[in-house]
1. Conditions: (1) touching a strand residue (DSSP E or B) at 6+ places or on another chain (Cβ under 8 Å); (2) within 24 Å of residue 114 (Cα to Cα); (3) not in a helix (DSSP H, G or I). Residue 5 meets all but one. Number of the miss?
2. Which of (1) without any contact (Cβ under 8 Å) to a residue 40 or more places away in the chain; (2) open to solvent by less than 40 Å² (accessible area, probe 1.4 Å); (3) not in a loop (DSSP other than H, G, I, E, B) does residue 146 not meet, given it meets every other one?
3. Only one residue in 67, 59 is surrounded by fewer than 22 Cβ atoms within 10 Å (Cβ to Cβ), within 21 Å of residue 16 (Cβ to Cβ), in contact (Cβ under 8 Å) with a residue 40 or more places away in the chain and more than 37 Å from the chain's Cα centre (by Cα). Which one?
4. Does the stretch 323-342 include one or more residues that are touching a strand residue (DSSP E or B) at 6+ places or on another chain (Cβ under 8 Å) and either within 29 Å of residue 103 (Cα to Cα) or in contact (Cβ under 8 Å) with a residue 12 or more places away in the chain (or both)?
5. Among the numbered criteria (1) more than 34 Å from the chain's Cα centre (by Cα); (2) acidic (Asp, Glu); (3) more than 15 Å from residue 12 (Cβ to Cβ), which one does residue 72 miss?
6. Filter the stretch 470-514 for residues that are part of a helix (DSSP H, G or I) and free of Cβ contacts under 8 Å to residues at least 60 places away in the same chain; which is surrounded by the most Cβ atoms within 10 Å (Cβ to Cβ)?
7. Can you confirm whether residue 315 is free of Cβ contacts under 8 Å to residues at least 12 places away in the same chain, in contact with a helix residue (DSSP H, G or I) (Cβ under 7 Å, 6 or more places away or on another chain) and not in a strand (DSSP E or B)?
8. Scan (1) within 19 Å of residue 128 (Cα to Cα); (2) assigned to a strand (DSSP E or B) for the single condition residue 109 breaks and write down its number.
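The values are calculated or read from the model by the stated rules, or taken from the named source; none is laboratory data. Here the structure is a predicted model, which means the values were calculated and not measured. As a convention, Cβ positions derive from the backbone with ideal geometry for all residues, glycine included, and neighbour counts pool all protein chains shown. What goes into the accessible areas is simple: the full protein's heavy atoms, side chains included, and nothing from ligands, DNA or RNA. Shrake-Rupley method; radii C 1.70, N 1.55, O 1.52, S 1.80 Å.
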Amino acid sequence: MYGFIRVGAAVPKCKLADCIYNKDKLIQLMQKAAEKQIQVLVFPELSITTYTCGDLFFQFSLLESAQKGLSDIVSASQSIDVFTVVGLPIAADNQIFNCAVAIYRGKILGVVPKTFLPNYGEFYEKRWFSSASELISKEITLCGQKVPIGADLLFTAEQIPYCKIGVELCEDLWSPIPPSSYQAVAGATILLNPSASNELATKYDYRKKLISQQSSRCIGAYVYSSSGVGESTQDMVFSGHGIIYENGSLLAESKRFLRESQIIYADVDLELLANDRRKNSSFMDCQIPLPSYREITFSMKAQSVIEQLERVIKPNPFVPDTNAFLDQRCQDIFNIQVVGLARRIEHTQVKSIVVGISGGLDSTLALLVAVKACDYLKFSRNHVIGITMPGFGTTDRTYRNALSLMEALGVQIREISIQKAALQHFEDIGHDVSIHDVTYENTQARERTQILMDIANKENGLVVGTGDLSELALGWATYNGDHMSMYGVNAGVPKTLVRILVQWVAQYGSLSQVAKDILSDVLDTPVSPELLPPDEKGNINQKTEEIVGPYQLHDFFLYYVVRFGFSPSKILFLAEQAFAGEYDKATLLKWLKNFYRRFFLQQFKRSCLPDGPKVGTISLSPRGDWRMPTDAFYRIWMEELEKL
């Protein structure tokens, strides 16, 4: 459903060399996986025999018992709708191979031998096993079935788009070029690793980094399961580490050192992976030389209904979760803005930086960037000319905050009312001042921009734009008004992140207490262009989010529309997961329709944007990430929404 598939990593409680006990535990976990709607499941390396059997691998009894255990597992799988990978030693071509066996619905789909055998430190695998590269046969008879064998197998679920599965074993991942790298280029989106990695003091972190990076390089889902505490402790200890990554993001992780069996699972987004691979032009450049693969197909249906996703859908995808990560992210973004503006100042050799200050969030962030750019260049903050331009909708609150903030930051302060100029313009064009329509509003926005541009000319300056990424997505800007500047420092920052950045500067920006208090009040002020007169109490009478919708929702929509190209129905489904209990489906649908309508109709404003730094994964610059024709119709997107 919507490209999601549930994958799992199982860590069974095992007994060393007891194939009967172990296969029973595997069957129990397979049944449990089916109950949890897991569709792809991986067990640890040599899970039927256990990994630390040593020279017992040369015993006919162990090899035969392992095959009998496999046969029982295959029989049990007839009623279990789970693609499963189990591990056991298999004798073929006068050798023994450490193998992963893919099973589905009573059928052995294929056998993948391990390619890279560790034979250093505490590992002696070459004593018992041969590498997949030494295999002669292409097929073997196993449990009465004639099955393909080799490291060249990929498994494709025919009825699930983008579901192609590759398998590598333990040490394969630790090699300079893991087999999964080739498998991914050949189309595998889900990479399974049955492993037996032992625990050392520093190995846990290293292993996680290794898996995370491999899933990122392969733009794939990586499902890893390692042997648990039932292994021999003669020279090593195993923790039972299960982990699932998707393109570098951790989706699920097991607890280690548990004495009982456990299973972890998560919903992998195959459409997300497919989209990122298509966008990454370097991905398929790696296909030469690419090994040839045999594709093994099987018929598995996608889950028709997913009531609750087993993955976190963040309501604020642009905002990091943890405080430590948030601090680093804000520092990086703010520095990108500051250095970008500083470089533009150096190149243009201007003598001043002109910023229009409204007392709102966006202009506050732009002013903070301008001030820090001066600090960075070792200029006096007096190079910044802050101009507040009260109009018909300016409230006392924003007016005071604008003046107080400029004073607290030590910049030049100028106040130029736009009311007389706007009234004169209304008279010139024959507009009734009592009609508060788009002409009434945009006249004020363009008058402010003209003042900024003319002051910049007069003072040999550069106008810093204040509009943010969310406003650009919605077209919530007056064309050739606040839409225009000489450098847009906020152009890559969505509204939800603007708020976080201002909060971060207030906390870590080495500001006076007065400045921090002003920023706190700015953060509490409703978002508004203040182009309509205040209400009878003098409060803001034009709240943006009541008109276009909550910015939190629009940033969510923007992320999934532009970053991944998801369908409207999938975005609505994700929004229902992310905002459960906060917004109902009808509300989400209402604002999603509005997003698509405005996003398509307002592209002409984005086609002629001023320069501005890209700070995250999404940019709407016509010179960078987003090149959309201005005259595109939104019919197919809206028709899909009308059916929901």
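1. Result: residue 5 fails condition (2) only.
2. Condition not satisfied by residue 146: (2).
3. Details: 59 fails: in contact (Cβ under 8 Å) with a residue 40 or more places away in the chain.
Result of the check over 67, 59: 67.
4. Checked the stretch 323-342: at least one residue is touching a strand residue (DSSP E or B) at 6+ places or on another chain (Cβ under 8 Å) and either within 29 Å of residue 103 (Cα to Cα) or in contact (Cβ under 8 Å) with a residue 12 or more places away in the chain (or both).
5. Checking residue 72 against (1) more than 34 Å from the chain's Cα centre (by Cα); (2) acidic (Asp, Glu); (3) more than 15 Å from residue 12 (Cβ to Cβ), the one that fails is (3).
6. 506
7. Working: free of Cβ contacts under 8 Å to residues at least 12 places away in the same chain: no; in contact with a helix residue (DSSP H, G or I) (Cβ under 7 Å, 6 or more places away or on another chain): yes; not in a strand (DSSP E or B): yes.
Here the answer is no, as residue 315 does not meet what is asked.
8. Result: residue 109 passes all but (1).
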